[in-house]
1. Write down the accessible area per residue of segment 1-137 in Å², having rolled a 1.4 Å probe over the full set of protein chains.
2. Could you work out how much longer the chain between T16 and D102 gets when fully extended? Use 0.36 nm per residue separation minus the Cα distance between them, nm to one decimal.
3. How high is the relative contact order of the chain? Use alpha-carbon pairs under 8 Å, at least six apart in sequence, and give a whole percent.
4. Taking all protein chains in place and a 1.4 Å probe, what share, in percent, of the accessible surface of segment 54-183 do carbon and sulfur account for?
5. Return the single residue from L82, L40, L148 with maximal mean-square fluctuation; model: Gaussian network over the chain, springs between Cα atoms under 10 Å.
6. In the chain, once you exclude exposed GluC sites (Glu not before Pro) (DSSP loop, at most 11 other Cβ within 10 angstrom), what's the longest stretch remaining?
7. With n ≥ 4 as the cut-off for DSSP H runs, can you work out [θ] at 222 nm for the chain, using -39500 (n - 2.57) per run divided by the number of residues, rounded to the nearest 500?
Amino acid sequence: MHGLINRAFQAFVSTTFGKDSWQAIMDTAELGFSEFEAMLTYTDEQSQIMLRTAEDILKRPLPEMLEDMGTFLVSNPQLEALRRLLRFGGVNYVEFLHSLDDLPDRARLAVADLNLPGLELIEQAPGQFELHCQPGLPGYAHVLMGVLRAMADDYGDLVFLDHSGTQDNAEVISITLVETEFAEGRAFDLGAHSL
């Protein structure tokens, strides 16, 4: 698994639960190191040991933590670059959803060796969608649920999300757009600002 993904989980745990909790996870996992390097690649076994250990130490179900991590990735001010990458997908939430098919390619533009599983958005009816997440990265659909929830907040829209299980070997997220402009969204400018 790409170190960037493991490093993102490390940042989520350290920020949300504290650095001592992260250290306890890594001590218990006995991987031989205490931090992940963003540009290295780790075995799936190393990543799975770390995730299972986090679930045990933090006493929270892994799918719930992964969804919270997805929200963290969009809403944490220190990760503004990811939010900007996602916001370039569209001027409103529906356009953003339609841009998700291109997300793995956009991620590879930013990090050449980051291979995210394919995504396919299917519009069932106006305001009702299914996002099909192809296999290849365990927990990916749960992280995406957090990202989708945070992006709806970012746009100011009210959505209902449900992990609907598996269909044709892909995990399915059902998305219902309940109300657009439900609340004031976060400000977003196309151009980057210098400090």
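1. Values: 6960 Å² over 137 residues.
Value returned for segment 1-137: 51 Å² of accessible area per residue.
2. Contour length minus the Cα-Cα distance gives 28.0 nm.
3. Computed value for the chain: 16 percent relative contact order.
4. On the way: 3310 of 6260 Å².
The C+S portion of the solvent-accessible surface of segment 54-183 is 53 percent.
5. Answer for the Gaussian network model of the chain: L40.
6. Answer from the scan: 31-183.
7. Numbers: 8 runs with 94 residues, N = 195.
For the chain, the value works out to -15000 deg cm²/dmol.
The values are calculated or read from the model by the stated rules, or taken from the named source; none is laboratory data. From a predicted model like this one, the values you see are computed outputs, not experimental measurements. Because the Cβ atoms are built from the backbone with ideal geometry, glycine has one as well, and the counts that use them run over all protein chains shown. Calculation scope for accessible area: heavy atoms of the full protein, side chains included, ligands and nucleic acids excluded. Shrake-Rupley method; radii C 1.70, N 1.55, O 1.52, S 1.80 Å.
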